[in-house]
Amino acid sequence: MIRKATSQDILAVAELYNKVIDYEDSHIKYTSWQKGIYPTADTARLGVKNGSLYVYEENGAILASVILDTHQPPEYRNVSWGVDAGVGGALVIHTLCVDPRRSGGGVGSAIVDFAKTLAKEKGCRAIRLNTTTRNLHATHLYKKNGFTTAATKKILLNGQIHCNEHYFMEFVL
């Protein structure tokens, strides 16, 4: 079940962020996330405050989270998007996070489907996101769900973390 997160979910979401970072530290680094810098409990807290944090829950356990809003980071300004969505006309996927033990099990696709439905309900013209070029799991997920790459460029993630190249991807509704 996907639902809007509450303040009671903040710590569980922060733990989920850390699970992904810890998993990457012992396997392969595919995000640009850094423990204690981004994402953190403050990321989840702000998502709850703004009403944009959603969680995927099964049997009382949070297995995934995502922030869905219409805030396009400054890096999105110089991208040649497939459609002119204007201000507020694109739903943006931020910080999609799936418990590594459930990766590849359809949880990510369920969240993307949820985002498509939410975008249509909000009257958006597109869904946009960015992900590191080395994040093969995310890139596969988004391409499988109809997203196309609009640009590839380096960014400063959350204004703090120098990153390798990122794909800027879009799904036109």
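The values are calculated or read from the model by the stated rules, or taken from the named source; none is laboratory data. No experiment lies behind these values; they were computed from the predicted model shown. Positions of Cβ are generated from backbone atoms using ideal geometry, with glycine treated the same way; all protein chains shown enter the neighbour counts.
Scan region 79-88 and tell me whether some residue there is touching a Leu at 6+ places or on another chain (Cβ under 8 Å), surrounded by 15 or more Cβ atoms within 10 Å (Cβ to Cβ) and modelled with pLDDT of 95 or more.
Within region 79-88, not a single residue is touching a Leu at 6+ places or on another chain (Cβ under 8 Å), surrounded by 15 or more Cβ atoms within 10 Å (Cβ to Cβ) and modelled with pLDDT of 95 or more.
Here's a check for you: in region 119-143, which residue that is hydrophobic (A, V, I, L, M, F, W, C) and not in a loop (DSSP other than H, G, I, E, B) is surrounded by the most Cβ atoms within 10 Å (Cβ to Cβ)?
Ile127
If you go through region 71-94 one residue at a time, do you hit one that is over 14 Å from the mean Cα position of the chain (by Cα), within 27 Å of Glu15 (Cα to Cα) and acidic (Asp, Glu)?
No, region 71-94 contains no residue that is over 14 Å from the mean Cα position of the chain (by Cα), within 27 Å of Glu15 (Cα to Cα) and acidic (Asp, Glu).
Out of all the residues in region 15-61, which are of a type in the set (D, E, K, R) and within 17 Å of Arg102 (Cβ to Cβ)?
Matches in region 15-61: Glu15, Lys19, Asp22, Glu24, Glu57, Glu58.
Anything in region 10-64 that is aliphatic (A, V, I, L, M), under 19 Å from His137 (Cβ atoms) and over 17 Å from the mean Cα position of the chain (by Cα)? List them, or say none.
Ile28
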